[in-house]
Structures are given as C-alpha cells and as structure tokens.
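Engineer: If you scroll down you'll find the structure; I have some questions about it.
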Amino acid sequence: MLDSLAQLPPLVWLAAIIVIIAVTLFIVWFRRRKFGVSEMKVKTPFAEATFKPGDDKPPAPVAPPPATRSVDHTGDYAQINLGDNSDNVRVDGTYIKHVDTVVTAPNTPPPAGSAAPPSRTAHYVPRGKIQTDVRAALESQTAVAIVGVAGMGGIGKTELAKHLCSVLEREGKQRVVWLSVFNRPLADLQNELARALGITLPPAATDESRYEMLLAAFRANPAVVFFDDVYRSTIPALKFLLPPSPPCAALVTSRQRELGIGARVFELDVMTESQSLELLREAHDLGGALDREPDAASELCRLCGYLPLALDIAASRLRKQLHFSKTPIAAFNQSLANRMKELQRGATPTREDSVIVNIDLSYADLDDADRRRWRALAVFAPTGFLPVAAAAVWGESEADARTSIERLQDGSLVMDAEQVGRFKLHDLLRDYAAAKLNESGEGNAANRAHAEFLIQLFEQHAMVIPDNVPFVSNELDNLRRAANWAREKNDGELLARLATVPRNWLGLFSIWDEWQGWLTDALRVGKDYNRQLKANVLQAMGDVQQFRADRDTALASYAQALELFRAVGSKLGEANVLAARGQTYLLTDPAQADALLTQAIELYEQIGSRYSVPAMIGNFGWALLRLDQPKRARPYLLRAAELFEHMGLTDYAERHRKAARR
C-alpha cells in the first residue's frame with residue numbers, strides 16, 4: 001500500500017496537503033469564533049479558563065472609560081490606565097458615569113507640525129537672493145540659520161522658512177520635519193523629533209543619550225529639519241537637536257545672531273519697496289487703491305518700515321477705510337505718522353516702532369469687548385489655542401468665540417497656528433497683549449479660566465487614542481503654561497489637579513522632570529487640599545519615580561498613597577496602588593508582584609470594576625515588555641486579550657495578541 005501511495009502524482013500529494021491545511025485553519029477559526037471565556041479564575045501569572053458555546057453575534061463593544069493614572073505608554077507599548085477620580089467622562093460624544101478604566105492606543109501622537117505649517121497670508125512674496133542662497137545651502141546638506149537684521153521681529157523669517165519647507169515637501173526628495181522651538185524644554189523637543197523619526201526615547205535617558213539615539217535615527221533616515229523661532233533661552237539646547245550634516249540639513253530661525261552651533265548665518269533684511277507693494281497688492285487685494293495713490297502707497301511702505309508684519313496689520317486696517325475719503329491711503333498715513341510721534345521712544349522712529357504703532361492703532365480700533373478678548377489671548381502658549389479654549393477664557397459659547405476670532409483675524413491680530421483649527425498670536429503681538437492684560441488687572445481671572453479649561457479638557461479626553469491625539473496632544477505647552485502659573489501663585493490644589501488629571505498624557509509626553517517638579521511643588525505648597533487629591537499626587541509621583549527606575553522612592557510614595565486611599569475608603573485607589581507596587585517587583589520578586597496583582601484583582605471584583613482585571617493584567621505584560629522580558633510578558637498579554645475579546649473590545653484584544661507575539 002505504501003508503494004501505491006508513493007506512486008501517486010505530485011499534484012495529488014499537493015492537493016491533499018492543501019486540504020489538510022484548510023481543515024486545520026477552519027477548526028482554529030471555528031474554535032475562536034464559537035467559544036468565549038465564560039469565567040476566569042485568576043491565578044497569576046497563569047489563568048484557568050473554561051470554554052462554552054458562544055453566541056453567533058459578538059458582544060456589543062463597550063466604550064472604555066477615561067482614567068487618571070498612566071502606567072506606561074512608550075513607543076507602541078499600549079497601556080491600560082486606571083484612575084480613581086474619573087466621573088462623568090465623555091467618550092465619543094457620550095458621557096459615562098463613574099468610570100474607572102482606560103485603554104490607551106498603541107501609537108504615539110505625530111509631532112506637532114512635522115509638515116509645512118500654513119503661511120500667514122495667501123500670497124508669498126519671494127525674498128530674492130537670500131531665498132536662493134538658503135535653499136542651495138540646504139541642498140548641500142549643511143546647517144544654516146536665518147536671523148533678522150539687528151534681531152528684528154516681524155521681518156518674515158518664519159514665512160521664508162515655511163515657503164522653503166513647503167517646496168521641499170512638495171518635491172519629495174527628502175523628508176522634512178518642522179519643529180516650533182520657542183522656549184520649550186529640551187526633553188520635549190527631543191521627544192517630538194523622536195516621534196517624527198518613528199523612534200521612542202527611554203524615559204530615564206539623559207540629554208546626551210537621547211541625542212545619540214536621534215543622531216542614529218537621522219543617519220538611518222535623513223531629513224531636512226526646520227527649527228523655527230528659537231528663543232535666546234533655548235539656544236544652548238540646539239547642540240542636542242541638530243541632525244548630522246551630511247546626510248541631513250537644518251535651518252534655524254531666530255532673532256538671535258549668535259547661536260553657538262557653527263551654522264552659516266543669513267541675515268534677512270526688511271522688504272524692498274517693490275516687495276512691500278506686492279504684499280499689499282496681492283496678499284491684501286489693495287491693487288486699485290495703490291494705483292490711485294502711488295506716492296501715498298510708497299509712503300505707507302516707508303512708515304511701516306518695510307516690515308511684513310507691520311504691512312499686514314496696516315493693510316487689514318486700511319481695507320476698512322477705503323471709502324472714508326477720496327485719498328484713503330494719504331489719510332491713513334497721516335494718522336499713522338501722528339501716532340508714531342506720540343509713541344516714539346527715541347530721537348527718530350525705528351522700524352520696530354512702526355510695528356508697535358500699527359498694533360496700537362489696531363488695538364484702539366477694537367471695541368471694549370474685543371479688546372478684552374484679544375488681550376486675554378496672551379494666556380495661551382506660543383503654540384496657540386483652539387476656539388473652544390478661547391471661549392472658556394472669554395466666558396462665552398464656542399460659536400460666539402469663532403465669530404470673534406474671525407474678526408480679530410481679519411484685523412491681522414490673530415493668525416493661523418501650525419495645526420489646522422488652531423490659532424495663535426505673533427510673538428510681538430503676544431508681548432503687547434500680555435502688557436495690556438497686566439494693565440487691565442484681568443490676568444489672574446484669565447489664567448485661572450485657562451487652567452480650569454485644561455483640566456476639563458483632559459478629563460473629557462483622558463483616553464490616549466488616535467481620535468483624541470490631534471485634539472489633545474497639542475495642549476502640552478498650554479498645560480505647561482498653566483502649571484507654571486499655578487506654581488507662581490503657590491496654588492497647590494490647582495497645581496495638583498493640573499499634574500494628575502492629564503497623567504495618561506503626561507506619561508505619553510515623557511516630560512518626567514517637569515512632571516515630577518509639578519508634583520513636588522503640589523505636595524510642598526498644598527497644605528489644605530483633600531486627602532483624596534493628595535493620594536492622587538502621591539500615586540502619580542510613584543509612577544514617575546518607577547519610570548525613572550527609582551524603585552525604593554516609588555515604593556515609599558505608593559505606601560503613603562495607599563494609606564490615604566484606605567483612610568478615605570477608596571478601594572479603587574487602593575487597588576490601583578497595589579497593582580502599581582506589584583510592577584516594581586516584576587524583576588526582583590516575581591512572586592510578590594503576582595501576589596499584589598491578585599490582591600488588586602480581588603478589590604476590583606469587590607467593587608464591580610468590570611474592566612480593571614484585564615486592564616491590570618495587560619499592564620503587567622506591557623511593563624515586562626518594557627523591561628525586555630517578552631517570554632514572561634506573553635501569558636499576561638494573552639490573558640488580557642482573551643478577556644477583552646469576550647467583552648467585545650476586539651481592537652484592544654488584538655493589540656495585546658500582537659504584543660504577545662514579540
């Protein structure tokens with residue numbers, strides 16, 4: 001018989017093998033489709049599960065509620081995050097009462113503005129030889145810098161950089177990365193570059209070690225990097241940000257000429273008269289008026305110092321006055337010259353005076369309500385704001401706020417930010433608005449309204465999921481600004497809320513030093529806020545310390561948090577801390593780690609916390625992956641995947657199964 005089988009044609013054997021494989025795949029599919037986990041007896045690190053026939057229809061997906069404690073989210077290591085004080089949290093437009101668990105998404109947010117940001121005006125005016133020279137330098141893979149003459153602002157440095165960025169992006173020869181620098185911390189900037197390059201930096205890394213990883217990534221994937229608006233305080237950070245050239249290139253814009261990076265410096269001068277007239281004609285549709293009053297048009301350019309920002313602001317105001325007289329430009333020039341004499345700071349007016357005068361006249365043209373609105377925008381970070389944020393600070397509806405922003409934008413007092421749907425003030429305008437806000441005595445109220453808005457935003461969008469990432473991740477700089485204001489005011493309770501409510505996102509942002517500083521100050525000055533909030537601060541402090549590999553200190557923070565949670569009767573907080581403590585023992589005492597996880601699971605079951613068991617089981621798996629223990633992580637991840645599958649959360653189940661295959 002064996003001889004007969006051996007004589008069968010190869011095609012018959014091939015067909016038989018295909019049938020066997022198909023039957024095997026069908027059996028596997030059928031078992032996974034028709035059976036679900038009916039109950040689970042948790043016995044860490046392994047679980048016993050019994051199977052029973054399942055319904056043909058899978059359970060309806062249950063939206064996971066937001067949280068207030070981040071365990072980990074580095075790279076694509078998704079984490080499930082548990083919180084103690086979540087309540088009335090909005091998930092996909094629906095409010096869920098008394099929620100306690102969040103499942104994070106596996107992907108880190110894309111860097112803010114990694115592509116070319118929008119220009120300030122619809123028409124770009126070429127800047128001549130400097131534009132050609134800067135592009136040639138970038139194509140030769142060198143580091144270059146564009147600075148304004150005499151450190152001038154409003155001269156068009158960013159607009160030139162945006163234009164070059166857009167051109168290179170359209171050509172597609174090399175990847176472009178746009179980084180708005182301002183006065184942001186080095187670690188924040190390094191992490192944003194890392195996200196643009198598709199890598200994850202370890203939370204405990206130093207400035208130098210992070211830079212070494214960035215250099216390796218740049219060499220593997222060359223890019224042209226645009227570092228826009230570098231403040232004086234950020235200049236020392238540039239040496240830990242610049243890509244290697246070659247194979248990369250970099251362009252830095254700054255008011256400061258001495259950047260200390262050995263870059264070739266190009267000084268951008270003011271516009272020529274012809275360039276200024278082109279800006280007024282093409283970007284602001286003033287061609288007819290310019291043709292009727294050519295001499296007055298030239299004088300207007302001179303009064304504006306040939307500065308693009310001053311010309312933009314003046315043109316926005318001039319458009320509204322074209323029908324006031326037969327010679328509207330001449331009349332406009334007279335009012336501009338008169339105001340310049342009143343505000344002149346030296347023997348002769350400077351070009352910077354022309355910017356200030358135009359801002360001052362535009363501010364004076366606003367009614368009282370719009371003046372109050374505009375100066376309050378100074379509370380926002382240079383990266384900008386959403387209309388809903390402005391509405392909160394102004395105390396009005398979002399629809400009304402959008403209408404007000406359009407009016408202010410029409411006057412060139414507000415401009416588009418790098419991200420779609422966001423707005424910002426030019427730095428010279430923001431400085432002026434901040435001075436007016438301080439004079440008005442409204443600063444404290446505006447800053448507090450801003451902080452309360454951010455707390456509400458992070459409560460409503462606590463989940464680090466793709467739908468929330470573009471909306472929320474851009475608020476880091478505003479969160480930083482609000483936290484620093486709370487520190488200046490020694491408002492421990494407000495600072496504690498700002499440092500704990502967004503903890504999922506703070507873990508994702510990897511701003512460990514800043515976060516720990518906020519928490520430390522919240523504990524130092526916060527003498528009167530309630531024990532529940534203090535417990536949240538201590539738990540978050542433990543999380544940061546655990547990420548920083550400061551195990552003993554983390555355990556001490558967790559012990560204090562645990563005592564407070566038990567004192568106020570918060571079993572959920574107690575369970576979360578027990579599980580967090582368990583993670584600190586994963587390498588040194590696995591049995592203790594499992595014992596603490598089991599205690600946490602028992603508490604979750606007592607309070608009926610439906611999601612917390614698979615959440616924390618999965619968290620242990622993610623933590624072990626982060627500790628380079630994939631074999632030990634696998635049973636935790638697979639167990640969490642089974643439970644999520646049974647609950648109808650198939651996306652989360654698949655993420656855990658994918659992680660288990662590493």
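The values are calculated or read from the model by the stated rules, or taken from the named source; none is laboratory data. Nothing here was measured: the structure is a model prediction, and the numbers come from that model. Ideal geometry is used to build each Cβ from the backbone, glycine not excepted, and the neighbour counts take in all protein chains shown. Heads up: the accessible areas ignore ligands, DNA and RNA and are worked out on the full protein's heavy atoms, side chains in. Shrake-Rupley method; radii C 1.70, N 1.55, O 1.52, S 1.80 Å.
Engineer: If I model a spin label as a point 7 Å beyond the Cα along the Cα-Cβ vector, how far apart are those points for Gln344 and Arg548 in nm?
Structural biologist: 5.6 nm
Engineer: Ranked from the most accessible area to the least, with a 1.4 Å probe and all protein chains present, what is the order of Leu322, Leu476?
Structural biologist: Working: Leu322 45, Leu476 10 Å².
The ordering from most to least exposed comes out as Leu322, Leu476.
Engineer: Residues of the range 266-337: accessible area per residue at 1.4 Å, in Å²?
Structural biologist: For the range 266-337, the solvent-accessible area averages 43 Å² per residue.
Engineer: Solvent-accessible area of Ser404, probe 1.4 Å, all protein chains present, reported in Å² to the nearest ten, please.
Structural biologist: 0 Å²
Engineer: At 7 Å along the Cα-to-beta-carbon direction for both Arg662 and Asp295, put a label point, then send me their distance in nm to one decimal.
Structural biologist: In this crude label model, Arg662 to Asp295 measures out at 7.5 nm.
Engineer: On a full-extension model of 0.36 nm per residue, what is the gain between Glu602 and Arg407, subtracting their alpha-carbon distance, rounded to one decimal in nm? Spell out each step's value before the answer.
Structural biologist: Values: separation 195, 0.36 × 195 = 70.20 nm, distance 5.77 nm.
Full extension of this stretch gives 64.4 nm more.
Engineer: Over 31 Å between Cα atoms: which of Lys424/Lys534; Lys173/Lys239; Lys157/Lys489 fall into that group?
Structural biologist: Lys424/Lys534; Lys157/Lys489
Engineer: Mind listing the long-range amide H neighbours of Ile511? Cut-off is under 5 Å, sequence gap 5 or more, other chains count too, H placed in the peptide plane at 1.01 Å from N.
Structural biologist: Close amide H contacts, sequence-distant or interchain: none at all.
Engineer: In nm, to one decimal, how far is the modelled label at Lys631 from the one at Lys173, with both set 7 Å along Cα→Cβ?
Structural biologist: Distance between label points: 5.1 nm.
Engineer: Under the Karplus relation 6.51 cos²θ - 1.76 cosθ + 1.60, θ = phi - 60°, what is the ordered set of whole-Hz ³J(HN,Hα) values for the range 430-445, x standing for Gly and Pro?
Structural biologist: After applying 6.51 cos²θ - 1.76 cosθ + 1.60, I find 5, 4, 5, 4, 5, 5, 5, 5, 5, 5, 6, x, 9, x, 4, 5 Hz.
Engineer: Moving to a separate point now. Using a 1.4 angstrom probe with every protein chain in place, what is the largest-first accessible-area order of Arg481, Arg195? Display every interim value, and only then the final one.
Structural biologist: Details: Arg481 90, Arg195 50 Å².
Final ranking, largest accessible area leading: Arg481, Arg195.
Engineer: Need the full-extension length gain, Val420 to Ala216, defined as separation in residues times 0.36 nm minus the C-alpha distance. One decimal, nm.
Structural biologist: 70.3 nm
Engineer: So what are the ³J(HN,Hα) numbers for the range 125-133, from phi and the Karplus equation (6.51, -1.76, 1.60; θ = phi - 60°), rounded to whole Hz, Gly and Pro as x?
Structural biologist: 9, x, 9, x, 4, 4, 5, 5, 5
Engineer: Report the Cα centroid-to-centroid distance between the range 610-655 and the range 475-514 in angstrom, as an integer.
Structural biologist: After rounding, the separation between the Cα centres reads 29 Å.
Engineer: Output wanted: per-residue J couplings in Hz (rounded whole) for the range 650-662, from phi through Karplus 6.51 cos²θ - 1.76 cosθ + 1.60, θ = phi - 60°, x for Gly and Pro.
Structural biologist: Values, residue by residue: 5, 4, 5, 4, 5, 4, 5, 5, 4, 5, 5, 7, 6 Hz.
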